[in-house]
Structure formats: C-alpha cells, structure tokens
Amino acid sequence: MKISEVRCRSALSHSRLPGLKYALNPYRGCSHGCKYCYASAVLRETRPWGEFVDVKRNAPTILAKELRTKEKGNVGIGTVTDAYQPLEERFEITRMCLEQLLRHGFPVSIQTKSSLILRDADLICEFEEIEVGFTLTMLDEKWRRAFEPGASPSKDRLAAMKSLSSRGIRTWAFIGPILPQVTERDLEGLLDGIADAGASDVLVDKLNMKRDTWAKLGPVLEEHEMEGDWRNLVRDKAYFEKVAGRIFDSCEAKGINCLSAF
Ligand code: SF4
C-alpha cells in the first residue's frame, strides 16, 4: 500500500447525490479494496485501486475556511472513498473535519463500511442533524473477506450501527451492490440484523459494472467457480429486481422504509 500525504486546494465539492449539497472525501484511494468498487472510474484514477491512499493532510484547515463562507447544506462524508478506512485511525482527518462541521453547525451524512466510526461517537452525538449509513452486502464472513477484504466484518458494522442507533442517531443501511449469489444467501439474516440494529431506512442498488470491474472480480469469481453464472446475471435486470423485491417485502414486514437506487 502506497500512502502519500498530499495537500488539497478545496475540501468541499458540490454533490449531485440526492439529499446532499456537498461531498467531503478526506482520502483519495481506499484500502478496503472492494472487488466491485468503481470509485476509480468515477475519479478517472489510473493508479491501481486498493493499492494507494492519498491522505489530504490539510483538509480540516481548508474545510474550516470554506465553512465560514459556504451556504449551509448537508455534507456527505465518504461519498467516493471511505472516510473511516483503517488509516483514519492514525491520521484522524475525518475526525478533525467532523469537529469543524460541528463547530459551524452543518448537517452531516456519513456512509461507511467501518466500525472505526464508533471512535467518533462522542462527536456524532453532539450534532443536531446527522445520519450514519452502513454499507452491508452480505452477512457471511467468508464472502466479506473475498469481496471486501479491507473493510470491517459485517457483524461489526451491524454492532456499530446498533450502538449509534441506541444513542439516538438516525442510521440506515445501503445494500449495494447486490452481489449475485452472495447477497441473497442469508439475506433474511442480514435484514434481521439491520432491523435489530435500529436502521430506519434501507437503500438497495444493483451491481454496476465499469471498465475495470471484471479484472478485479474475475479472480474471486474464478476461485469460487461463479464466473459463468455472474456473466449472465450481471446483465439481467430482472434478477436484481427479484432480489430487491425480497428486500422490499422483508423491510415492509419489519417496518423499515426501503428505497431502490436503480
Ligand atoms: S469502501 Fe467504497 S471506496 Fe472503498 S474500496 Fe470499498 S467500494 Fe471502494
């Protein structure tokens, strides 16, 4: 893993994601190394994703300046790369950014695959408006290690979600992407865990294949003898709708609001 400390010229960028006015990404690159990640395509990044991280060392200072003049609006943290990836434990850039956002009274929405977020529960609980989303694509640890090797185990994410929910923080789950033959295994167990963790909403998305996705997924699928089936299923919108339908039905029965992103 190549780690570089870099200086950014701006911290906040305008976001086109629903419900967000700004996006804040304290790191470029992500050591979670998810096999389905398409952040490199979004950023037009040519370095091998999962093998480098740029740490935006001055992001909290730049953010503090921007917050003095920017119009108030919801700030999405970790919209492209995970702001609670393991390096955050050492650098605390996300924590320092949260301190600035709290000081200036900006609403915040965080999305992560890491239980490290619990370290900042003290700050999170001080916000008037904040929500935390956890990406959860499967329950089984074997599959988590295969597809999301650097991220927290799903059970740890659920425990973090439960801990934040119990402190009055609005939490939600992002079941995305639906991974063919993986997400649907023990789907009910995953949804039970999400309900038990107190999530108010679930957002579902299908798998989006970008230019280099097959190159990263191929070895994992080959190892588990799933490549042939996946080549058919990733093109089959009806398949994703069927899995999403199961999620919708289960969420309805559990009293959780469910939305689809596709
Ligand atoms: S956590 Fe998000 S940004 Fe990081 S590798 Fe996984 S999908 Fe990509």
TODO: Mind pulling the angle between the C-alpha long axis of helix 213-223 and the longest principal axis of the chain? Nearest 10 degrees, somewhere in 0 to 90.
DONE: 50
TODO: State the Cα centre-to-centre distance between the stretch 125-169 and the stretch 1-39 in whole Å.
DONE: 19
Task: the stretch 201-262 versus the stretch 60-87: alpha-carbon centroid distance in Å - done: 29
TODO: For residue 2, list the aspartates and glutamates whose Cα falls under 17 Å from its own Cα; do not include residues on the same chain fewer than 8 positions away.
DONE: 45, 51, 54, 82, 88, 89
Task: Cβ-defined net charge surrounding residue 122, 14 Å radius [Lys, Arg +1; Asp, Glu -1] - done: -1
- [ ] Might you list the cysteines of the chain that have no disulfide-compatible partner by the rule of another cysteine's Cβ under 4.7 Å?
- [x] 8, 30, 97, 125
TODO: Please determine, in degrees from 0 to 90 and to the nearest 10, the orientation of helix 59-69 with respect to the longest principal axis defined by the Cα atoms of the chain, where the helix direction is its Cα long axis.
DONE: 70
Task: Net charge contributed by nearby residues that have their C-beta within less than 13 Å of residue 171 (K/R +1, D/E -1) - done: +1
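Give the shape of the chain as rounded, prolate or oblate, defined through the alpha-carbon gyration tensor: a ≥ b ≥ c are the square roots of its eigenvalues, a/c under 1.5 means rounded, and otherwise the shape is prolate if a/b is larger than b/c and oblate if not.
Values: a/c = 1.85, a/b = 1.31, b/c = 1.42.
The shape class here is oblate.
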TODO: Could you go through the stretch 86-99 in sequence order and give the Karplus-derived ³J(HN,Hα) for each residue, using 6.51 cos²θ - 1.76 cosθ + 1.60 with θ = phi - 60°, rounded to whole Hz, and x for Gly and Pro?
DONE: x, 4, 4, 4, 8, 8, 6, 5, 5, 4, 5, 5, 4, 4
Task: For residue 99, net neighbour charge (Lys/Arg +1, Asp/Glu -1) across residues whose Cβ lies under 11 Å away - done: -2
Task: Gyration tensor verdict on the stretch 183-262 (Cα atoms; rounded if a/c is under 1.5, prolate if a/b is larger than b/c, oblate otherwise) - done: prolate
Open item on the list: Skipping prolines and chain starts, which residues have an amide H placed within reach, meaning under 5 Å, of the one on residue 111, given they are 5 or more residues away or on another chain?
Closed with: 77, 133
- [ ] Would you list which lysines come within 17 Å of residue 162, measuring only between C-alpha atoms, while excluding same-chain residues fewer than 8 positions from it?
- [x] 113, 254
- [ ] Just subtract the alpha-carbon distance of residue 196 and residue 215 from 0.36 nm times their residue separation and send over the number in nm, one decimal.
- [x] 3.2 nm
TODO: Return the subset of 155/242; 35/56; 142/216; 35/142 for which the Cα-Cα distance in this structure is over 22 Å, preserving the input order.
DONE: 155/242; 35/56
- [ ] Would you list, by chain and number, the lysines whose Cα falls below 16 Å from the Cα of residue 72, excluding same-chain residues fewer than 8 positions away?
- [x] 21
Task: Sequence of 96, 161 when ordered by accessible area, the most exposed leading, probe 1.4 angstrom - done: 96, 161
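The values are calculated or read from the model by the stated rules, or taken from the named source; none is laboratory data. Keep in mind it's a predicted model, so treat the numbers as computed, not measured. So basically every Cβ, Gly included, is an ideal-geometry build from the backbone, and we count neighbours across all protein chains shown. Quick note on the areas: whole protein, heavy atoms, side chains included, nothing else; ligands and nucleic acids left out. Shrake-Rupley method; radii C 1.70, N 1.55, O 1.52, S 1.80 Å.
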